[in-house]
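First comes the structure, then the notes that go with it.
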Amino acid sequence: MFENTDMEDASKDLETGLTVLAGRKGVPELAGSKYFAGKLTELMALVLERNEITDLTSITEPDEFVRLHLLDSLACAGVSGFDNSKEIIDVGTGAGFPGLPLAILYPEKNFVLTDSLKKRTEFVEYAAGKLDLKNVNVFHSRAETLGHDPDFRERFDFALCRAVGKLPVVLEYCVPFVKVGGSAIFYKTIPAEGEIEDSLMARRLLGCVDSVRVETYKDILPGREHALFIISKSKPTPDKYPRREGTPSKVPL
């Protein structure tokens with residue numbers, strides 16, 4: 001599929017990024033192991049193999065895949081409170097990012113991965129099986145529906161979202177899943193600071209604090225303007241949120 005030099009360069013990028021990640025406070029020692037790197041490489045192979053027949057990702061060059069899928073997914077490792085969390089949901093997981101890399105790194109945590117497209121959830125379930133991830137459950141559902149299910153609503157310590165979308169929209173998708181005292185983490189490209197001001201009303205309506213913590217991660221992705229927007233939840237989300245299917249994107253809070 002690729003020239004040997006492409007894979008060699010990608011392997012070096014992965015090794016470098018994981019070495020830096022393993023040096024972060026609160027990150028498991030597993031992050032710096034050959035086992036972990038091998039599992040991530042196996043995941044990449046699974047995605048790219050399936051991508052030849054099913055459109056899962058536009059990122060297909062090994063070096064870009066390593067940086068923009070694997071290392072990017074791991075950015076929240078070491079975030080305050082994440083190490084002690086138990087229940088995590090990945091909303092709009094796509095081909096399994098960030099949920100699958102994090103589930104490999106944190107086998108003691110429970111991960112729920114959701115997506116609205118069946119071809120994606122079918123692949124993610126297949127990949128989790130091939131990687132022998134006992135801590136992953138996959139659900140084909142829209143966030144607007146699953147967010148009202150009592151088995152999922154306000155259950156999770158963290159909700160993660162790499163899906164493209166403005167903060168007022170993705171907040172409504174994710175915050176109903178988060179328990180009071182938990183947080184939602186959104187993977188963003190800088191500059192996106194204007195979204196913070198634009199999402200104040202949404203944060204207040206959904207039960208979040210007014211402040212937004214922004215953490216860049218140039219340590220593992222040098223040269224990239226990426227950041228985590230971390231928003232904590234201080235009170236229960238009113239029952240009417242999320243609104244019915246399609247409304248959050250058409251009429252943002």
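The values are calculated or read from the model by the stated rules, or taken from the named source; none is laboratory data. This structure is a prediction, so every number in the text was calculated from the model and none was measured. For neighbour counting, all protein chains shown are included, and Cβ atoms are generated from backbone atoms with ideal geometry for every residue, glycine included.
Details
- Flag if residue 129 is surrounded by fewer than 18 Cβ atoms within 10 Å (Cβ to Cβ) and outside any loop (DSSP other than H, G, I, E, B): yes
- Top-ranked residue in the stretch 92-126 [being surrounded by fewer than 22 Cβ atoms within 10 Å (Cβ to Cβ) and of a type in the set (S, T, N, Q); ranked as nearest to residue 57 (Cα to Cα)]: 121
- Filtered by the rule that a residue be of a type in the set (A, V, I, L, M), outside any helix (DSSP H, G or I) and in contact with a Ser or Thr (Cβ under 7 Å, 6 or more places away or on another chain), the stretch 191-213 gives a lone residue, 209.
- Positions within the stretch 196-232 being more than 30 Å from residue 31 (Cα to Cα) and either in contact with a His (Cβ under 9 Å, 6 or more places away or on another chain) or of a type in the set (A, V, I, L, M) (or both), in sequence order: 196, 200, 201, 202, 205, 206, 209
- In the stretch 1-17, residue modelled with the lowest pLDDT [restricted to those that are touching a Leu at 6+ places or on another chain (Cβ under 8 Å) and under 20 Å from residue 127 (Cβ atoms)]: 1
- Checking each residue in the stretch 25-47 for being surrounded by 16 or more Cβ atoms within 10 Å (Cβ to Cβ) and either among the acidic types (Asp, Glu) or outside any helix (DSSP H, G or I) (or both) picks out 27, 28.
Matching residues to (1) at pLDDT 95 or above; (2) in contact with a Phe, Trp or Tyr (Cβ under 6 Å, 6 or more places away or on another chain):
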| site | (1), (2) |
| --- | --- |
| 189 | no, no |
| 192 | no, no |
| 201 | yes, no |
| 229 | yes, yes |
| 232 | yes, no |
| 244 | yes, no |
| 248 | yes, no |
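- Verdict on residue 188 being part of a strand (DSSP E or B), touching an Asp or Glu at 6+ places or on another chain (Cβ under 6 Å) and either surrounded by 14 or more Cβ atoms within 10 Å (Cβ to Cβ) or of a type in the set (Asp, Glu) (or both): no
- Any hit, the stretch 173-182, residues being modelled with pLDDT of 95 or more, in contact with a Leu (Cβ under 6 Å, 6 or more places away or on another chain), crowded, with 23+ Cβ neighbours inside 10 Å and not basic (Lys, Arg): yes
- Exactly one residue out of 203, 213 is touching a Leu at 6+ places or on another chain (Cβ under 7 Å) and free of Cβ contacts under 8 Å to residues at least 40 places away in the same chain: that is 203.
- Per-region count, the stretch 233-253, residues surrounded by 19 or more Cβ atoms within 10 Å (Cβ to Cβ) and either within 28 Å of residue 24 (Cα to Cα) or in contact with a Ser or Thr (Cβ under 9 Å, 6 or more places away or on another chain) (or both): 3
- For the stretch 136-152, the set of residues classified as in a loop (DSSP other than H, G, I, E, B) and under 24 Å from residue 108 (Cβ atoms) consists of 151, 152, listed by residue number.
- Any hit, the stretch 82-91, residues being under 25 Å from residue 224 (Cβ atoms), surrounded by fewer than 19 Cβ atoms within 10 Å (Cβ to Cβ) and free of Cβ contacts under 8 Å to residues at least 60 places away in the same chain: yes
- Taking the stretch 201-231 as the range and being among the polar types (S, T, N, Q) and closer than 14 Å to residue 71 by Cα as the test, only 216 passes.
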